[in-house]
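Only one structure is covered here, and it is reproduced in the block below.
The values are calculated or read from the model by the stated rules, or taken from the named source; none is laboratory data. These figures come from a predicted structure and were not determined experimentally. With ideal geometry, Cβ positions are generated from the backbone for all residues, glycine too; neighbour counts draw on all protein chains shown. Protein only, heavy atoms only, side chains kept; ligands, DNA and RNA dropped before computing areas. Shrake-Rupley method; radii C 1.70, N 1.55, O 1.52, S 1.80 Å.
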Amino acid sequence: EGNVVKFTQNAPEAIEEGTAAGDSLALIAINRALGCWTPYDVNEKMEYWEGVEVWKSGPDKGRVKSAHFYMFGTKESLPFQVRYLTAAEDLSFFGNTNTFLLSLSPGEDICSLKRLRKLTISAYGLSSLPESFKNLDNLEYLDISSNNFEEVPEILSMENFPKLTSLQMN
């Protein structure tokens, strides 16, 4: 009576931790999960992607040094794939839609990135920070401006962030 078409889909490729290939998959997954308005051109090398800088030498050569995500729409915490960007020193998330309607936390996964020195989660819809946020004790710069905090979170103390020299909360 009719032809039957059968589609099968394999599981996605696993993110290989600690590798440039794993970092590129993580970036693609984060970009898609956030609903970024500008996707990466996956036909280009990761080092040419807009908003991405890779390490040029050393043991992390080719891995993500910094990544910036702009103009997106999510009602969730930061995507779990952020935890794979273990060589990153600088991450930025800016420009979520309808931030004033949201009451979000960045989630736990960002809190495992011990090498982060600079972090921006601005205009995201944050209203709280998890207790594990203090694990980011190498932060020198933190921008959590244009969010929905009613007061400075207690977690943001000199004891928890001894290297912090700049905090933006306007």
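Listed values, structure above:
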| item | result |
| --- | --- |
| Given (1) open to solvent by 40 Å² or more (accessible area, probe 1.4 Å); (2) within 20 Å of T19 (Cα to Cα); (3) assigned to a loop (DSSP other than H, G, I, E, B); (4) not hydroxyl-bearing (S, T, Y), index of the condition E76 fails | (2) |
| Residue match in segment 117-124 (condition: modelled with pLDDT of 95 or more, more than 13 Å from the chain's Cα centre (by Cα) and not acidic (D, E)) | yes |
| Selected residue [over 12 Å from the mean Cα position of the chain (by Cα) and at positive phi] from G73, G62, G22 | G62 |
| Boolean, N147 is surrounded by fewer than 18 Cβ atoms within 10 Å (Cβ to Cβ) and either in contact with a strand residue (DSSP E or B) (Cβ under 8 Å, 6 or more places away or on another chain) or at pLDDT 95 or above (or both) | no |
| Pairs with Cβ under 9 Å, 6+ apart, first in segment 15-34 and open to solvent by less than 40 Å² (accessible area, probe 1.4 Å), second assigned to a helix (DSSP H, G or I) and among the basic types (K, R) | A26/R83 |
| All positions within segment 86-127 that are buried (at least 17 other Cβ atoms within 10 Å of the Cβ), farther than 16 Å from L34 by Cα and among the hydrophobic types (A, V, I, L, M, F, W, C) | A87, A88, C111, L113, L116, L119 |
| Pairs, first closer than 16 Å to I28 by Cα in segment 84-106, second among the small types (G, A, S) and not in a loop (DSSP other than H, G, I, E, B), C-beta under 6 Å, six or more apart | Y84/G22; Y84/A26; L85/A26; L91/A67 |
| The one condition in (1) within 20 Å of D90 (Cα to Cα); (2) open to solvent by 60 Å² or more (accessible area, probe 1.4 Å); (3) of a type outside the set (D, E, K, R) that V152 fails to fulfil | (1) |
| Contacts under 7 angstrom Cβ, first residue in segment 41-68 being within 12 Å of D23 (Cβ to Cβ) and in a strand (DSSP E or B), partner basic (K, R) and modelled with pLDDT of 95 or more, 6 or more apart | E53/K65; V54/R63; V54/K65 |
| Members of segment 81-118 found to be more than 14 Å from N147 (Cα to Cα) and among the hydrophobic types (A, V, I, L, M, F, W, C), listed by number | V82, L85, A87, A88, L91, I110, C111, L113, L116 |
| Residue list for segment 53-69, restricted to those being open to solvent by less than 20 Å² (accessible area, probe 1.4 Å) and in contact with a Leu (Cβ under 9 Å, 6 or more places away or on another chain) | R63, V64, S66, A67, F69 |
